[in-house]
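Read the figures in this text as sums done on the coordinates, not as results from a lab. Owing to the predicted nature of the structure, the values given are computational and were not obtained by experimental measurement. A quick note on method: Cβ atoms are made from the backbone with ideal geometry, for glycine too, and the neighbour counts reach across all protein chains shown.
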Amino acid sequence: MGFSLIIAEFYHNHPLSHQLRFLQMMTPQPTQTSQTVDAAKPDAPLLSPNPSTTPQPSDENSLSPHYRAIQTFMKRKTHVGKKAEAGLQSDFAHFFVQPNLDAIQAMDIGGITNLRELFSNPDAPLTFEIGFGMGTSLVEMAKNEPTRNFVGIEVHEAGLGNCAFLAGELGLNNLKLISGDAIALMQQLPAAHIDTLQLYFPDPWQKKRHYKRRFVSADRMKVVERVLKKGGIFHAATDWEHYAHWMIEVMDSLTAFENVEGKNSEGIGNFLPRPDFRPLTKFEKRGLEEGRAIYDIMYRKV
Ligand SMILES: C[S@@+](CC[C@H](N)C(=O)[O-])C[C@H]1O[C@@H](n2cnc3c(N)ncnc32)[C@H](O)[C@@H]1O
């Protein structure tokens, strides 16, 4: 069976050509400014409110069909390498929540309503990573914290296969993978289900007309808020300055969250110094090589 439904990394294709250490030395540091995001309001509704479809307090985890149609990802064909192809074979099937390759390729998340029950120790702390890309950092985190359970979700088939392959090489038993849209999945999970939700280098959607696709938006963060436990952590990182300030503005606007690093003198949430526990990701490396600063943000559900 061919692996034809593949996602491309669609906005940078520059070859990696410099030494990371050199670039880190040359890279500007994140700036904590009082600027507000200029070009569009990050908490603006994605679509004109429609009373018949706008979520009501009683069903806040349900979004309008129009809203769900605006995806935070773009499916494109891309090459599936040898490791990724092997990772999609039966030897690695135990890493996937979906029962077979057809379901993986169809991004079928039907029936996935509980992530904790995927593990033999369901009460262990649970980290959910959205958009893990090729999976190298997720696998390293799972290896580094064997008493914590990790679930990663991606739509990129090569990334899913690669991640399963890497996890198999290490024999991890605290990592599961799902192929699908994280927003749709979270809407079918119980409330207060997840301890930590991480979103590393999400697609920046740089054009103004694409801002509505940015994962960090007031509407989507309501979905995140519901699935996080009280005291749970939302950790994001980006190498795009505009998106970094946008994230802070969105998160500061949500009363359900507090910035773990506190606020500056102007009442704006602070960035988090780059934490040692977050391994370098492919897109972070690319951002550094292209001279961009890295911004981490961390908010706690209150
Ligand atoms: C720019 S890549 C970053 C990958 C990786 N975290 C890294 O830093 O190298 C963003 C990834 O998020 C995935 N993604 C975007 N929206 C998603 C969603 N709603 N559900 C699952 N994955 C998503 C995309 O497929 C893409 O692989």
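Summing Lys and Arg as +1 and Asp and Glu as -1 over all other residues whose Cβ lies under 10 Å from the Cβ of LYS230 gives a net charge of +3. Of the GluC sites (Glu not before Pro) in the range 184-293, the ones in a loop by DSSP (not H, G, I, E or B) with at most 13 other beta carbons within 10 Å are GLU266.
With a cut-off of 10 Å between beta carbons, the residues surrounding LEU166 carry a summed charge of 0, where Lys and Arg count +1 and Asp and Glu -1. Sort the range 180-276 into rounded, prolate or oblate with this rule: let a ≥ b ≥ c be the square roots of the eigenvalues of the Cα gyration tensor; rounded if a/c is under 1.5, and if a/c is not under 1.5, prolate when a/b is larger than b/c, oblate otherwise. Judged from the Cα gyration tensor, the range 180-276 comes out oblate (a/c at least 1.5, b/c at or above a/b). Compute the FRET efficiency between ASN100 and LYS77 as 1/(1 + (r/R0)^6), taking r as their Cβ-Cβ distance and R0 = 22 Å, and round to the nearest 0.05. It comes to 0.55. Convex hull volume of the C-alpha atoms in the range 87-226, normalised per residue: 104 Å³.
The length gained on full extension between ASP276 and SER253, counted as 0.36 nm times the residue separation minus their Cα-Cα distance, comes to 5.5 nm. Partners of LYS82 within straight-line reach, counting lysines whose Cα lies under 20 Å from its Cα and excluding those fewer than 8 residues away in the same chain: LYS282.
With K and R counted +1 and D and E -1, the other residues having a Cβ less than 14 Å from that of ILE294 yield a net charge of -1.
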